[in-house]
């Protein structure tokens with residue numbers, strides 16, 4: 001475990017260096033790099049922006065590649081009910097956990113329809129991606145595990161192809177030197193994985209056939225800045241909120257679709273998006289989440305570049321409905337977080353959360369420590 005943590009930190013610092021090198025480039029650069037860190041792996045998005053002069057919208061060609069070993073969870077018992085830690089024959093502390101190897105690739109284009117002169121970026125943008133995904137569960141010999149007790153076709157492995165089509169509205173300026181911004185972003189997307197795009201040569205049982213509709217939006221509002229003219233932030237505060245609703249359907253909806261919110265950049269489902277609850281718990285075909293938090297940026301300091309510590313208070317709410325399983329409910333949580341923004345690029349964040357109306361699988365209502373490599377949204 002220690003080697004995994006050290007390796008992840010080293011990879012994290014390398015990714016920061018790559019991203020920061022691009023951010024510090026004063027010359028216009030048609031290349032865009034979007035790194036993302038997993039616990040033991042990474043994703044990298046590379047975009048090429050076609051040359052053009054404002055107010056002409058930009059065209060961006062994208063390639064995303066990623067791979068990693070993952071430790072996901074599955075909280076559904078053999079009777080297709082939500083697993084709450086008390087199903088006979090399964091250990092609450094280990095049965096939901098398994099190991100998975102994952103590969104992904106997205107190839108696509110984002111076409112600006114309207115240009116935002118103030119942001120020097122597309123205001124309204126349409127995008128189209130072809131997505132390929134491969135998952136392989138590595139615990140076939142381990143028992144009893146919840147995921148292996150199901151009859152889901154992709155419980156062991158999955159090769160998935162899909163198309164993602166969407167539209168985004170961007171009124172969201174980048175964070176300033178004090179890590180403040182005021183803006184709004186919204187996105188509507190449709191993901192389609194029909195059976196004729198799939199192949200069963202890696203798993204004869206799994207032939208995904210699904211579609212998913214997702215809407216999401218985020219809004220930031222500056223509340224105060226103690227000294228907006230200072231080079232380094234002294235004390236500032238802003239409100240941040242995020243909302244998403246996600247619905248999937250089809251003849252064979254993969255596990256990963258049921259356990260995530262969709263869009264250009266998929267995020268965890270209700271378990272994980274509603275902080276404090278176990279990741280991937282409350283999977284389903286219909287889900288919605290609302291995150292709201294107040295973030296306080298503290299005194300910045302420089303070590304080669306800018307570091308910004310801070311703290312936040314949050315409240316999360318969510319709704320899930322299995323649709324074809326007998327389970328639907330609202331869930332709520334609240335808590336506090338501490339973060340360190342590094343190089344104005346990403347954050348290391350630790351949360352402590354109180355779940356409010358549903359107990360955790362271990363029957364407690366408090367998750368004392370949740371770690372993340374970035375802000376929640």
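The values are calculated or read from the model by the stated rules, or taken from the named source; none is laboratory data. Just so we're clear, the structure is a prediction, and the values are computed from it rather than from any experiment. We place every Cβ from the backbone using ideal geometry, glycine too, and count neighbours over all the protein chains shown.
Observations
- Identity of the residue in segment 127-145, under 23 Å from the mean Cα position of the chain (by Cα) and buried (at least 18 other Cβ atoms within 10 Å of the Cβ), that ends up farthest from residue 184 (Cα to Cα): 137
- Qualifying residues in segment 210-237 (those that are surrounded by fewer than 17 Cβ atoms within 10 Å (Cβ to Cβ) and under 23 Å from residue 284 (Cβ atoms)) - the one nearest to the chain's Cα centre (by Cα): 217
- Scan segment 84-136 for residues that are assigned to a strand (DSSP E or B), over 27 Å from residue 74 (Cβ atoms) and touching a residue at least 40 places away in the same chain (Cβ under 8 Å) and the total you get is 17.
- Residue check, residue 318 crowded, with 18+ Cβ neighbours inside 10 Å and touching a residue at least 40 places away in the same chain (Cβ under 8 Å): yes
- Positions within segment 261-314 being without any contact (Cβ under 8 Å) to a residue 12 or more places away in the chain, farther than 17 Å from residue 371 by Cα and buried (at least 16 other Cβ atoms within 10 Å of the Cβ), in sequence order: 266
- Identity of the residue in segment 321-347, at pLDDT below 95 and in contact with a helix residue (DSSP H, G or I) (Cβ under 8 Å, 6 or more places away or on another chain), that ends up farthest from residue 252 (Cα to Cα): 343
- Filter result for the condition that a residue is farther than 21 Å from residue 44 by Cα, over 19 Å from the mean Cα position of the chain (by Cα) and at pLDDT 95 or above, over 124, 119, 148: 124
- Members of segment 45-59 that are modelled with pLDDT under 95, over 15 Å from residue 116 (Cα atoms) and touching a strand residue (DSSP E or B) at 6+ places or on another chain (Cβ under 6 Å): 49, 50
- Across segment 202-228, the number of residues qualifying as over 30 Å from residue 300 (Cα atoms) and out of contact with any strand residue (DSSP E or B) (no Cβ under 8 Å at 6 or more places or on another chain) comes to 2.
- Qualifying residue in segment 64-76 (condition: part of a loop (DSSP other than H, G, I, E, B) and more than 15 Å from residue 282 (Cα to Cα)): yes
- Taking the conditions (1) more than 21 Å from the chain's Cα centre (by Cα); (2) surrounded by fewer than 16 Cβ atoms within 10 Å (Cβ to Cβ); (3) at negative phi; (4) not in a strand (DSSP E or B) in turn, residue 178 satisfies each one other than (2).
- Top-ranked residue in segment 146-161 [being touching a residue at least 60 places away in the same chain (Cβ under 8 Å) and assigned to a loop (DSSP other than H, G, I, E, B); ranked as nearest to residue 254 (Cα to Cα)]: 154
- The residues of segment 294-320 that are in contact with a helix residue (DSSP H, G or I) (Cβ under 9 Å, 6 or more places away or on another chain) and within 23 Å of residue 268 (Cβ to Cβ), listed by number, are 316, 318, 319, 320.
- The set of residues from segment 78-98 being surrounded by 15 or more Cβ atoms within 10 Å (Cβ to Cβ) and either in contact with a strand residue (DSSP E or B) (Cβ under 7 Å, 6 or more places away or on another chain) or within 19 Å of residue 272 (Cα to Cα) (or both) comprises 82, 83, 84, 85, 92, 95, 96, 97, 98.
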